[in-house]
1. Once both axes come from the Cα atoms, what is the angle between helix 2-12 and the longest principal axis of the chain, in degrees from 0 to 90, rounded to 10?
2. Can you work out the Karplus-derived ³J(HN,Hα) for every residue in the stretch 214-220? Use 6.51 cos²θ - 1.76 cosθ + 1.60 with θ = phi - 60°, whole Hz, and x for glycine or proline.
3. I'm checking a number: the convex hull volume of the Cα atoms of the chain, normalised per residue, in Å³. What is it?
4. Taking +1 at the Cβ of each Lys and Arg and -1 at the Cβ of each Asp and Glu, which of 16, 97, 170 sits farthest along the dipole of the chain towards its positive end, judged by Cα position relative to the Cα centre?
5. 5 Å is the cut-off here: which amide hydrogens, built 1.01 Å from N in the peptide plane, fall below it relative to residue 200, excluding neighbours closer than 5 in sequence?
6. Starting from the stretch 155-211, pick out the GluC sites (Glu not before Pro) whose DSSP state is loop and whose Cβ has at most 16 other Cβ atoms within 10 Å.
7. Work out, step by step, the length gained on full extension between residue 106 and residue 155: first 0.36 nm times the residue separation, then minus their alpha carbon distance; give nm to one decimal.
8. Classify the stretch 2-73 as rounded, prolate or oblate, taking a ≥ b ≥ c as the square roots of the eigenvalues of its Cα gyration tensor: rounded when a/c is under 1.5, otherwise prolate if a/b is larger than b/c and oblate if not.
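Just so it is clear, none of the values below were taken in a lab; they were calculated from the coordinates. Worth saying up front: this structure is predicted, and the values here are computed from it rather than measured. Note that we place each Cβ from the backbone using ideal geometry, even for glycine, and neighbour counts take in every protein chain shown.
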Amino acid sequence: MVAQAGEAARRRLRPGAARVLEVVWFDAGPSHPGQLLLLGHHLVVDAVSWRTLVSDLATAWEAATGVRDGSRGADAAGSGDQVSALPPVLTSYRRWAELLVADAHSDRRLAELPLWQRLLATPDPQLGRRPLDPARDTAEELRTLTVRLPAEWTQPLLTTAPTAFHAGVNDVLLTALALAVVDWRAERGTGQEPALLLDLEGHGREGIDDRADLTRTVGWFTSMYPSGWIRAR
């Protein structure tokens, strides 16, 4: 029942109609603990935000009821006026958005523009049998393939290779991906360009301003940039 209700609540999320959060309480009766289902659209919450929200809910519940891990503390009054204040949010999501806009118009960012324009001008032949269709190729249709590699393969990736090339693990993986895709395209006659244009996504909580503290800020933080194209030698 919980799974069915969760799916129904998920489908009610409509960002275009400002419906980005659903809260459902499952009352199991006076003798059994209930369950709280909290659903948030990815536009307003990310993995770090969920940790903050869950921790705050647990703290507020414990402070309001005196119940922790299913048992009531001896000194708990359980009254609402004894709820401890949660730690403050030092930088709001709105303030962070304002800082991003200011940073985008700064001289140091504007000086980077020719670099990004050159990257985006990289030839990028179609990958696959057809172009992406926004109506068909949605997140709901996404499929994931997980492969487990033996330690004798992954150990050089994590140690020897990055050290030899003075690079990170991601740099090694991206180079391997570029080589594989370029070869794949050449074999199928879909492109002869010795390059691959990639969008790299980061966690988005970069420290662009020393005054910003995002440790307790809730929202969808992400960064995406076309720095992943690689010339395959």
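1. Relative to the chain, helix 2-12 is tipped by roughly 70 degrees.
2. Using θ = phi - 60°, the values come out as 9, 5, 10, 7, 9, x, 9 Hz.
3. 247
4. Going by the charge dipole, the pick is 16.
5. 225, 227, 228
6. Passing sites in the stretch 155-211 are 206.
7. Contour length minus Cα-Cα distance gives 13.5 nm.
8. On the way: a/c = 3.03, a/b = 1.52, b/c = 1.99.
Oblate, because a/c is 1.5 or more while a/b does not exceed b/c.
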